[in-house]
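Asks: I have a structure here, written as structure tokens, and I will follow up with some questions on it.
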Amino acid sequence: MSRPLRAIWAVISSRATSPLVIGVFLLIYIVLAFITDDTLIALMEYTRTNVLLVVLLALVPLNSGCRIVKETDRHLKLRRALAGKSANDPSGLFDESVALPVPSSFDGLSGRLAATGYRVRCTGGTLAAWRGVSIYPVRVLFLAGMFCLFAGILVSLTTRTTHRMSVIEGEPLPTATGGGGLVERITLKTGAGPILAKILTMDVAPSDSGDGRKVFGLYPPSLYRGYFVYPRYIAIASIIRFSAPGGQTAYEKQAVMNIYPAGKEDRVEIPGSPYRILFSMIQPEDGSDPYVTGRITYLFKLMNGKEVIFAGSLPVGGEFVRDGYRLAIPEGKRMVITDFIQDYGVLLVWGAAIFFLAAGCIWLPVTIFLPRREMLFVSAPDNIHACSRSEGGGRKHGGVFHEALDFLEAGMADRQPFDGGSAEK
Amino acid sequence: MVLAKLAPHLLSWAGIVLAMGRGFSGRRSVVAAGAIVGFPLGVAGACLLSRAYPGDFSFAIIRDIVGGSFLLLWGGAVAAIYSSTVREFPRSWGERLANSPFCAGAVALSSGMIAGAISACRLVGTYNTLPPFLLLALAASILALAALAVERALAASFPVSHSGLMASVVALLLFSASSIIRLDLFSPLTMKLMKFSHDFVHQFFESMLIPDHLFIRTYLWGYIGLLFGNGVGFWGALILWFTPAVLVALAIQWERLPSVAHIRQGAQRRRLLATGIRARRFRLVIPVLAMVVLAAAVYRSRFPSVEYWDPKPLPISASPSGDIFIPKKGDVDLEDGKLHKYLFKQGGREARFFVLMTPAGKLTVDLDACAICKPDGYGQAEGTVICYYCKTLIPLETVGQPGGCNPIPLPFTEKEDGVHIDGLTLLNMWGTNAQSTARVKGGGK
């Protein structure tokens, strides 16, 4: 590998790269916090539109990938060294290494290490002893999680597209390209699970464009033509028919009324006139949900500027007439304000959550109960090269290692008692 | 009297010099010179700044500089933990820099300047003559020399690591700043974290396409609602506040002991290791003390020795057309520069708001709530109003402007005789803004 490539590799595979990049974003966040209150949104927007920041953010998944390669390489080298297959000096792979000027003989050592709970392998001129489980798989899972998380954030930031549409019962599903299937039914039910209080489903018939029958639920979100269907709010699409005395003001239009749940108010402005109508839904006395049952009765308040002309109630299909004013609602349909979102970063973030969960579940017991401890003795013509490393329980392991060295140097395997279990303070 | 006011600042300063003297033990003269020059420079800088920019701006600059030093501590703490745990971490250039006289001088000078500026802020606005400031600079110089003399008398086996030095200096600066309400960092940190938590949860839900509260069970939303509360801001800020010092302590605790594998006498090995462990424990003392100082700073921030003007809201009603009228000169004088609170009730709904004359001479009418926090309301102190919920200080000059933790401005009409407010608008604004932030608690105070 040439020198520039080595330098680039050193940077992108360094353990410091990801924290540094995250630190830079934290700094930008802090600076933005002085400028705007919507700091997180501003940071996301700024990152999305700034190539340099996109590249900087891309360094994190790249770094995670490189770390997996580097740590795998190191793990394999360690395994080769412990198997006695490595021709290279293994000291760089260990925490502590020392050369003992003693004859190359491991007589009695393996049995004594085995007695202290180590598994021992003697192959040719090497003796390897180890116990516990390596943290390497957890590291790989964690790094894979980091890769997925930041790749997901990157993909999401740079490619996410959102179209907010009104899905109305009995009308074609609005899509970005048109030609969606007919929304046959919108159903809202009381949820039985511990998380969702209400379950919303939208049944969509096959479309002329070749889409099959679909049922969209709440979570996990369904896909339609590459877009996630993300229901946001519930509303009523009502046809409002209004006329004022003298016939000068006549209005008929389908209005989207954001009046769910019952009691929430929304207003409909009558264009070209001073009139506006405040609507809300009456909560039925039996406690049922009018959106669920479909039995919707509106409360309305007709206003002329700030003056209330009259107020009343009106069921779907009904008409209200007073003092020459006429208000009718011939139709009221269930409707869901829905976001159609194209964002494959979501899948990566879900993957990251699974990786992190798995890593956490393995890491805790392994670190507490089974930390990996290894030592390696390699014989040379006139000395023994000894190395040791541990991923936990280092003091006790160090004690065993040092006494093993004492044992080798003393060369009195069969005469001295071996006190391998005592820790050195 | 002046010195009594300055006691926490001067004590912090003495602690800073003591720590620097020990941290740069080979550079005492450089530290002494830097400290003695830096402090008066800081005092002079703060005085000039407050004269050039009267009001909150000069305080904001000094607070930001203190915040910058806290960020530096964070960077140093992360580097320290990496240095202790990562084998391939490059240490040599950093150690060379930290041991150089330039570094000792720069740290002493900058620490002195910041400490001096903070201390001067205690006097700015109260004293307009030179003697109190000269007295402050003189007292600080004497204290610096005394601290260095004490440092010389300390046992040599009591070392201070570079990261420990950083933690102690920044902790003492933060403690000093926490004594002045407008320089305090902990309360703004709490508020920013609360806002971050709110934004993060919102963005997380949107990004992960998680259904909104409309579809989620109420008890579950109650738990999610905890993330919007000031508990998250407070505990999150505590974590951010203490983490650098904890990291520094962990970095020292996880420092590798000297390799003893080459020594064949067990007793000698154990002695060497024990010496290493003892030295490590001594180095831990300073970061632990830094944590204590940081805790004291939090205490001062949470329980400032300031009393607020917090009038009881006066009940008020609207005319049949929904107009609320408050005369300028009636039972209360709206133009007296004080906060005047009102409570409006109609049809089972209620809203709290206040009227205030800003220092610019303009009346402003605002909800007694902001768009972020639960509507615990505001109190008034000198030059500021404070959000009781997150303890954020809002300069009076900015009351009436929307955003952040500022009170939500209400549309109103000012006439010769008083102000007119639309009752329905008031109730709706309270409903949409204040009550949405009160999901968990439901209704304010």
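Coordinate-derived values only; no laboratory data. Keep in mind it's a predicted model, so treat the numbers as computed, not measured. Here Cβ is always computed from backbone atoms with ideal geometry, including for glycine, and neighbour counts include all displayed protein chains.
Asks: Just how large is the dipole of the protein assembly as shown about the Cα centre, in debye to the nearest 20, putting +1 at every Lys and Arg Cβ and -1 at every Asp and Glu Cβ?
Replies: Magnitude of the dipole: close to 2960 debye.
Asks: Further question: Given the alpha-carbon gyration tensor of segment A:235-335, what are the semi-axes of its equivalent ellipsoid in whole angstrom, ordered largest first, with each equal to the square root of 5 times an eigenvalue?
Replies: Semi-axis lengths for segment A:235-335 are 23, 13, 12 Å.
Asks: Which FRET efficiency value, to the nearest 0.05, is calculated for A:ASN88 and B:LEU97 with the Förster distance at 45 angstrom and r the Cβ-Cβ distance?
Replies: In this case the efficiency is close to 0.85.
Asks: When you take every Cα atom in segment B:273-401, what is the radius of gyration, and what is Dmax, the widest Cα pair distance, in Å?
Replies: 23.0, 85
Asks: Alpha carbon centre of segment A:280-306 versus segment A:98-130: separation in Å?
Replies: 84
Asks: Evaluate the distance, in nm, between pseudo-label points positioned 7 Å from the Cα of A:LEU27 and of A:THR162 along their respective Cα→Cβ axes.
Replies: About 3.0 nm separates the two model spin labels.
Asks: Something else now. Taking only Cα atoms, what is the 0 to 90° angle, nearest 10, from helix A:17-35's long axis to the longest principal axis of chain A?
Replies: Approximately 40 degrees, to the nearest 10.
Asks: Another question, then. Around A:VAL316, which amide H atoms from residues at least 5 apart in sequence, or from another chain, sit under 5 Å from its own amide H, with H modelled in the peptide plane?
Replies: Hits under the 5 Å cutoff: A:ILE296, A:TYR298.
Asks: Same structure, new question: Which trypsin sites (Lys or Arg not before Pro) in segment A:299-350 sit in a loop by DSSP (not H, G, I, E or B) and have at most 12 other Cβ atoms within 10 Å of their own Cβ?
Replies: Listed in order of number, the matching sites are A:LYS306.
Asks: Which one of A:VAL60, A:TYR344, A:PRO206 is farthest out on the positive end of the charge dipole of chain A, using unit charges on Cβ (Lys, Arg +1; Asp, Glu -1) and the Cα centre as origin?
Replies: It is A:VAL60.
Asks: Quick one: Debye curve from the C-alpha atoms of segment B:65-176, no solvent, what's log10 I(q)/I(0) at q = 0.09, 0.11 Å⁻¹?
Replies: Debye intensities relative to I(0), on a log10 scale: -0.32, -0.47.
Asks: If you stretched the chain out fully between B:VAL288 and B:HIS202, how much longer would it get, using 0.36 nm times the residue separation minus the C-alpha to C-alpha distance?
Replies: 27.3 nm
Asks: A follow-up question, please. Quick one: what are the phi-derived ³J(HN,Hα) couplings along segment B:396-401, Karplus 6.51/-1.76/1.60 with θ = phi - 60°, whole Hz, x for glycine and proline?
Replies: For segment B:396-401, the Karplus-derived couplings read 4, 4, 9, 5, x, 9 Hz, x marking Gly and Pro.
Asks: Placing unit charges on C-beta atoms (Lys and Arg positive, Asp and Glu negative, everything else neutral), compute the dipole magnitude of segment A:235-335 about its Cα centre in debye, rounded to 20.
Replies: Magnitude of the dipole: close to 200 debye.
Asks: Sticking with this one: For chain B, what mean projected area does the convex hull of the alpha carbons give, in nm²?
Replies: Values: hull surface 112.3 nm².
Approximately 28.1 nm², given one-decimal rounding.
Asks: Calculate the translational D of the protein assembly as shown in whole µm² s⁻¹ from Stokes-Einstein, where the hydrodynamic radius comes from the Kirkwood formula applied to all Cα pairs, the temperature is 20 °C and the viscosity 1.002 mPa s.
Replies: Rounded, D is 65 µm²/s.
Asks: Shifting gears a bit: For A:GLY180, list long-range residues whose amide hydrogen, built 1.01 Å from N in the peptide plane, is under 5 Å from its own amide hydrogen.
Replies: A:LEU173, A:THR175
Asks: Calculated FRET efficiency, B:LEU314 and A:GLU252, Cβ-Cβ r, R0 56 Å, to nearest 0.05?
Replies: That pair, B:LEU314 with A:GLU252, gives E of 0.75.
Asks: Can you give me the angle between helix B:162-178 and the longest principal axis of chain B, using Cα atoms only, in degrees from 0 to 90, rounded to the nearest 10?
Replies: It works out to around 30 degrees.
Asks: Ok, one more. Determine, for A:ARG372, A:ARG241, the number of other Cβ atoms within 10 Å of each Cβ, and report the residues in order from fewest to most.
Replies: If I rank by nearby Cβ atoms, fewest first, I get A:ARG241, A:ARG372.
Asks: What FRET efficiency do you get for A:ILE368 and A:ALA115 if R0 is 35 Å and r is their Cβ-Cβ distance, rounded to the nearest 0.05?
Replies: About 0.90, to the nearest 0.05.
Asks: Suppose each label sits 7 Å from its Cα in the direction of the beta carbon; what would the B:GLN346-A:THR36 distance come out to in nanometres?
Replies: Once both label points are built, they end up 3.6 nm from each other.
Asks: Rounded to a whole number, what is D in µm²/s for segment A:1-70 from Stokes-Einstein with the Kirkwood radius over alpha-carbon pairs (25 °C, 0.890 mPa s)?
Replies: Details: Rh = 13.3 Å.
Rounded, D is 185 µm²/s.
Asks: How big is the dipole moment of segment B:163-232 about its Cα centre under a simple scheme where the beta carbon of each Lys and Arg is +1, that of each Asp and Glu is -1, and everything else is neutral? Debye, nearest 20, please.
Replies: About 140 debye.
Asks: Hey, another quick one. What whole-number distance in Å separates the alpha-carbon centres of segment A:145-219 and segment B:383-434?
Replies: 40
Asks: Cα-Cα pairs above 15 Å in segment A:345-386: how many percent?
Replies: Across segment A:345-386, Cα pairs with separations above 15 Å total 66 percent.
Asks: Would you calculate, for the protein assembly as shown, the mean residue ellipticity at 222 nm contributed by helices, counting each DSSP H stretch of 4 or more residues as -39,500 (n - 2.57) and dividing by all residues, to the nearest 500?
Replies: -15500 deg cm²/dmol
Asks: So how tilted is helix B:230-253 from the main axis of chain B? Cα-based, degrees 0 to 90, rounded to 10.
Replies: For helix B:230-253, the angle is close to 0 degrees.
Asks: Let me ask something additional. On the principal axes of its Cα set, how long, how wide and how thick is chain A? Give whole Å, largest value first.
Replies: 118, 51, 47
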